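> Have a look at the structure that comes next, please.
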Amino acid sequence: DRAEVRRILADKDAGISVHEAAAKVVDGTAAELRQFLEVGLPNARIIDDRVKAAQFLSVGGPAVKAAAEKALKSGSPEAVRKFLAEGQHTARAEDDDRAEVRRILADKDAGISVHEAAAKVVDGTAAELRQFLEVGLPN
């Protein structure tokens, strides 16, 4: 168990809560090490995941912020973990697509049909944005 705690301490990707909790027990008793690995580590990871998700509220685009807020408000560690693993990427793609459609709308050299098509989807769903950019964007 001590070797596992040392490995966790050496992991540069582990969060602050995990590092602090591991540092407190690395020289502890066998029971303290086991308690940390079974209870303390999962709890510290939940805290670190929530901190990471909360950081997206200040730096993400509108879709990223909405997805992070939804995950955090759910109170579910699984929802937060899913946001960090998948949801943030999907939301970032939506933000990027919406920004691209807005760029097209601002392009003075784009034709009327392009502007009309972009205007129809700029406030649409992620799927509508992607469809427009991949298929529906008039040439």
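> Considering every residue within the range 108-120, establish whether at least one is more than 15 Å from the chain's Cα centre (by Cα) and hydroxyl-bearing (Ser, Thr, Tyr).
yes
> Next up: Does any residue of the range 112-125 turn out to be among the hydroxyl-bearing types (Ser, Thr, Tyr), surrounded by 12 or more Cβ atoms within 10 Å (Cβ to Cβ), at pLDDT 90 or above and under 16 Å from VAL64 (Cβ atoms)?
The answer is no, given that none of the residues of the range 112-125 is among the hydroxyl-bearing types (Ser, Thr, Tyr), surrounded by 12 or more Cβ atoms within 10 Å (Cβ to Cβ), at pLDDT 90 or above and under 16 Å from VAL64 (Cβ atoms).
> For the range 10-28, what are the residues that are more than 22 Å from GLN55 (Cβ to Cβ) and surrounded by 11 or more Cβ atoms within 10 Å (Cβ to Cβ)?
Of everything in the range 10-28, those that are more than 22 Å from GLN55 (Cβ to Cβ) and surrounded by 11 or more Cβ atoms within 10 Å (Cβ to Cβ) turn out to be ALA23, LYS24, VAL25, VAL26, GLY28.
> Does GLY15 satisfy the condition of being over 19 Å from HIS89 (Cβ atoms) and without any contact (Cβ under 8 Å) to a residue 24 or more places away in the chain?
no
> Here's something else I'd like to know. Output the number of residues of the range 54-80 satisfying the condition of being in contact (Cβ under 8 Å) with a residue 12 or more places away in the chain and either outside any helix (DSSP H, G or I) or crowded, with 18+ Cβ neighbours inside 10 Å (or both).
Selection size over the range 54-80: 10.
The values are calculated or read from the model by the stated rules, or taken from the named source; none is laboratory data. Treat the numbers as computed from the prediction; the structure is a model and nothing was measured. Neighbour counts are summed over all protein chains in view; Cβ atoms, including those assigned to glycine, are modelled from backbone coordinates with ideal geometry.
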